[in-house]
1. Please work out if TYR196 is farther than 17 Å from GLY111 by Cα and either in contact (Cβ under 8 Å) with a residue 12 or more places away in the chain or surrounded by 14 or more Cβ atoms within 10 Å (Cβ to Cβ) (or both).
2. Give me the pairs: first residue in region 222-235 and farther than 23 Å from TYR168 by Cβ and in a helix (DSSP H, G or I), second residue at pLDDT below 95 and of a type in the set (Ser, Thr, Tyr), beta-carbon distance under 6 Å, and six or more apart or on different chains, which are they?
3. If a residue must be among the aliphatic types (A, V, I, L, M) and either within 19 Å of SER130 (Cα to Cα) or surrounded by 14 or more Cβ atoms within 10 Å (Cβ to Cβ) (or both), how many such residues does region 215-225 contain?
4. Take region 47-94 and flag every residue that is assigned to a helix (DSSP H, G or I), within 22 Å of PHE192 (Cα to Cα), over 19 Å from the mean Cα position of the chain (by Cα) and touching a residue at least 12 places away in the same chain (Cβ under 8 Å).
5. Let me confirm something: among ALA149, ALA125, ALA153, which residue is crowded, with 19+ Cβ neighbours inside 10 Å, in a helix (DSSP H, G or I), of a type in the set (Gly, Ala, Ser) and free of Cβ contacts under 8 Å to residues at least 40 places away in the same chain?
6. Can you tell me how many residues in region 102-117 are within 17 Å of the chain's Cα centre (by Cα) and touching a residue at least 40 places away in the same chain (Cβ under 8 Å)?
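The values are calculated or read from the model by the stated rules, or taken from the named source; none is laboratory data. Please read these numbers as outputs of a predicted model, since none were measured by experiment. Don't worry about glycine lacking a Cβ; one is built from the backbone with ideal geometry, like all the others, and counts go over all protein chains shown.
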Amino acid sequence: MEYFWMHRDQIYERGLSVGYKVFSPGHLLWLAAIVLLCILSGRCYLRRDERGKDAMRKGCGLAIVVLEYAKVIVLGLSQVDMREFVPLHLCSAAGLAVLVYALWPHRRWLGQLFAYAFMPSALLALVFPSTTMYPWMNFYCLHGFIFHALLAAFFVWLYMEGTVVPDYKGLWLGWFFMAACAVPIYFVDGAFGVNYMFIGMRSDVGILAAIWDAVVPQYGRAAFALVMAVIMLIADHLFYGLYALPGILRRKK
């Protein structure tokens, strides 16, 4: 428990090497547990009446808010740079969207954002986590996995129920939402030396670091942001294919 409350900045200051590797056994175990959570909680959600579903949605939204406030408290007590907390990451917006949807459900346009902006971002954060500098028993590591697992599970509930039916127009809505957020955040990152939406500086995330190293030294940070926009557009088309696949298979039968 020596490192449980230790922040990334403190780990770097002390030159510690206590983290984990992407796709290590521990990481794969987390991913398997999250898949199981999404499936089992989704089945539980489908078996409930509307009142029970409403309670699950609101409970998920409340859990996300509690996690975020707990993070603020821990950051404050750790006396580290509080600029990290400003909710300008895409998944921070997703957490707020979960709460909004839980309180005012069946917003069709918001469901499309879940499908093409928030769910892809949550999955990328789980598959390529930004917490690899932490040991497994660390607050920030646990927070990262649990927070993004709740985001993923929430969308799975809505998708399994058929409340959210992703369509191609929604793909462009999701991509334009991300692009519209990225433009001002690009300048915020440059002005304040922060890394919101991972377009401000070289990231600890291995795949993002590799793209940064390949693009920025020769073409600059603006080119990196454009490359990321193209990657997200491609990812959204892949997700559209996944969402459309069940319907295609049913028609073939």
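1. On the way: farther than 17 Å from GLY111 by Cα: yes; either in contact (Cβ under 8 Å) with a residue 12 or more places away in the chain or surrounded by 14 or more Cβ atoms within 10 Å (Cβ to Cβ) (or both): yes.
So TYR196 passes the test.
2. Listed by first residue and then by second, the contacts come to ALA225/TYR186.
3. We begin by selecting, within region 215-225, every residue among the aliphatic types (A, V, I, L, M); these are 215-216, 222-223, 225.
Next cut, either within 19 Å of SER130 (Cα to Cα) or surrounded by 14 or more Cβ atoms within 10 Å (Cβ to Cβ) (or both) only: 215-216, 225.
Residues meeting the conditions: 3.
4. Result: LEU75, SER78.
5. On the way: ALA149 fails: free of Cβ contacts under 8 Å to residues at least 40 places away in the same chain; ALA153 fails: free of Cβ contacts under 8 Å to residues at least 40 places away in the same chain.
Answer to the check: ALA125.
6. Narrowing region 102-117 to residues within 17 Å of the chain's Cα centre (by Cα): 110-117.
Imposing the further condition that a residue be touching a residue at least 40 places away in the same chain (Cβ under 8 Å) reduces the set to 111-117.
Residues in region 102-117 being within 17 Å of the chain's Cα centre (by Cα) and touching a residue at least 40 places away in the same chain (Cβ under 8 Å): 7 in total.
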